[in-house]
Every structure is written in C-alpha cells, then in structure tokens.
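**Student:** Quick one: the structure is below, questions incoming.
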Amino acid sequence: MTVENEDDLHRLMRIGQICAQTLAHMLAHVEPGMTTAQLDAIGAAFLKRHGARSAPILAYRFPGHTCISLNDEAAHGIPGERVIRPGDVINIDVSAELEGFWADTGASALVPPARPEHGRLLDATRAARERAIGAARAGQPINAIGRAVETAAREAGFHVILELTGHGVGRHIHEPPTVYNFYFRRARQKLTDGLVITVEPFLTPGAGRVVTASDGWTLRTRDGAVVAQFEHTIVIDGDRPIIVTAA
C-alpha cells in the first residue's frame, strides 16, 4: 500500500495503535504456567473490544487470533495447550484489520528467570530492527534494509533467519514488496514516500534455517536454536519513516 492522503494515514495509524496496544497487553499478561491458548484469548478479547479483526484468521483461516511462538519456533506458532515455562523465549505476533486497513507488529520477551545469552539475542534483534528502520529512507534501494539487518546481526554474533522476511502491508496483511533481512543484490526497488512495509528481523544463534512443523503452520529452526523477532509497520517518509505500530 502507498499512503495517498491524511485519511489513509489516520486509518492506518488507528489499526497500528490497536495492534501495538494488543501486543503490549498480551506481553504484560505472560506468566509461567499459562497456556499459549489462554494468552491468545487475552489478545482476542482486546482486539474485539477495539473493533478489530484478527488478520491471520481473516486472511488465512489461521487457528488462532495471534501467532505465539516459543523458543525454537521462529514464527506462526499456533496457540494451544503448550504451557509457557520459566526460562522460555516467547514471541507474540499481532496483526489485525479495521475498516479495510491492516497493520502488523511483534516482539519477543523472556520468561523469568532469563538466560543471559537469551537477553543478548533479544537486545541484538531489537537493535537490528532499529538499524533497519534507520535505513528505510525514501530514494534508497529496499535492499538497504536487509543490509542493515544482516550487518547488525553479524556484528552481534548472530544469524538471520533467511526464509523469513518483511513485506508490504496496509490494504492486506501481505502485499509486495518483499523486505529481505539480508542483502539481496537484486532487490533494488527504490523506497518511495508513502510506501507501507513491515521491518521484522528474525535472529538466532543457530544456523538460521527453518522447517515447517507437522501442524502445517509453525516454523521451527532445523537445529533447535532459539529465535527472537521484533517487528514494526512503517510508512516511508523522507529520511525517517513513520512508525505505525509504536507503542
């Protein structure tokens, strides 16, 4: 999507803030001993209270209102009877639609007691997202975002999950263009003012490759390594993008 007027931006920001608030609400309620289904129900109720609809259900009939992934689950974890345990790395991905506008956000968190190496992973992933947002400037090629993520990951001693990318968003949950999390030479499309995309690095201490689990949805690392992800929906706007899903 390309934002064409103030009304577009207002509506996009509205659903972006609902997604951000839902994510914060869910993260605040994470407790050891609860199931991912119970946590998803908290998110579902918050979305409903604000009149928003779950994007995964609306677009793909996903079996959950949000995606909740634990430890070696890189993405698309199905909420269910899996129990959240002390020491887990949890990722919550919230995407939703309101009045024809869609937004997408996500974040990882540590369930106490946290391992120091997991804390370093989350810090590095969050920093990679911020570096990527800083590279998202009008007139730059889109692969500048991937270069920023890959460089930040390498400097911190982690690997990028190659199969998982950012994407266009706004009128649907997944739109062109693909926003790679590594430097892809052929991705030379210029970023233009008003373009709406997600920036969402996935970092791991492992090799950085994933496989689809038997449930047909969940993506797990092949080597069992933990994964962290941080995501924002942004609008390209000159030298500094507008962060639609900022808390």
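The values are calculated or read from the model by the stated rules, or taken from the named source; none is laboratory data. This is a predicted model, so every value here is computed, not measured. Methodologically, a virtual Cβ is constructed for each residue, glycine included, from the backbone with ideal geometry; neighbour enumeration extends over all protein chains shown. What goes into the accessible areas is simple: the full protein's heavy atoms, side chains included, and nothing from ligands, DNA or RNA. Shrake-Rupley method; radii C 1.70, N 1.55, O 1.52, S 1.80 Å.
**Student:** Criterion first (within 13 Å of residue 27 (Cα to Cα) and buried (at least 18 other Cβ atoms within 10 Å of the Cβ)) does residue 78 satisfy it?
**Tutor:** no
**Student:** Which residue out of 136, 207 is open to solvent by less than 10 Å² (accessible area, probe 1.4 Å), in contact with a strand residue (DSSP E or B) (Cβ under 8 Å, 6 or more places away or on another chain), on the phi < 0 side of the Ramachandran plot and touching a residue at least 12 places away in the same chain (Cβ under 8 Å)?
**Tutor:** Of 136, 207, the one residue that is open to solvent by less than 10 Å² (accessible area, probe 1.4 Å), in contact with a strand residue (DSSP E or B) (Cβ under 8 Å, 6 or more places away or on another chain), on the phi < 0 side of the Ramachandran plot and touching a residue at least 12 places away in the same chain (Cβ under 8 Å) is 136.
Matching residues to (1) among the charged types (D, E, K, R); (2) surrounded by fewer than 22 Cβ atoms within 10 Å (Cβ to Cβ):
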position: 7; (1), (2): yes, yes
position: 16; (1), (2): no, no
position: 26; (1), (2): no, no
position: 29; (1), (2): no, yes
position: 35; (1), (2): no, yes
position: 60; (1), (2): no, yes
position: 86; (1), (2): no, yes
position: 91; (1), (2): no, no
position: 104; (1), (2): yes, no
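**Student:** List every residue pair whose Cβ atoms lie under 7 Å apart, where the two residues are 6 or more positions apart in sequence or sit on different chains, the first residue falls within the range 55-77 and is without any contact (Cβ under 8 Å) to a residue 60 or more places away in the chain, and the second residue, located anywhere, is assigned to a helix (DSSP H, G or I) and open to solvent by 10 Å² or more (accessible area, probe 1.4 Å).
**Tutor:** 64/40; 64/56; 65/40; 65/44; 65/57; 66/40; 67/56; 68/40
**Student:** Give the range 152-198 a look and list any residue that's over 18 Å from residue 95 (Cβ atoms), in a loop (DSSP other than H, G, I, E, B) and open to solvent by 80 Å² or more (accessible area, probe 1.4 Å), or say none.
**Tutor:** Hits for the range 152-198 are 185, 186, 188, 189, 193.
**Student:** Here are 220, 188: which of them is among the basic types (Lys, Arg), touching a helix residue (DSSP H, G or I) at 6+ places or on another chain (Cβ under 7 Å) and more than 24 Å from residue 11 (Cβ to Cβ)?
**Tutor:** None of the other options fit; the residue is 188.
**Student:** Take residue 162 and tell me if it is touching a residue at least 12 places away in the same chain (Cβ under 8 Å) and farther than 25 Å from residue 96 by Cβ.
**Tutor:** Taking the combined requirement at face value, the residue satisfies it.
**Student:** Could you pull out the residue among 238, 224, 216 that is touching an Asp or Glu at 6+ places or on another chain (Cβ under 6 Å) and part of a loop (DSSP other than H, G, I, E, B)?
**Tutor:** 224
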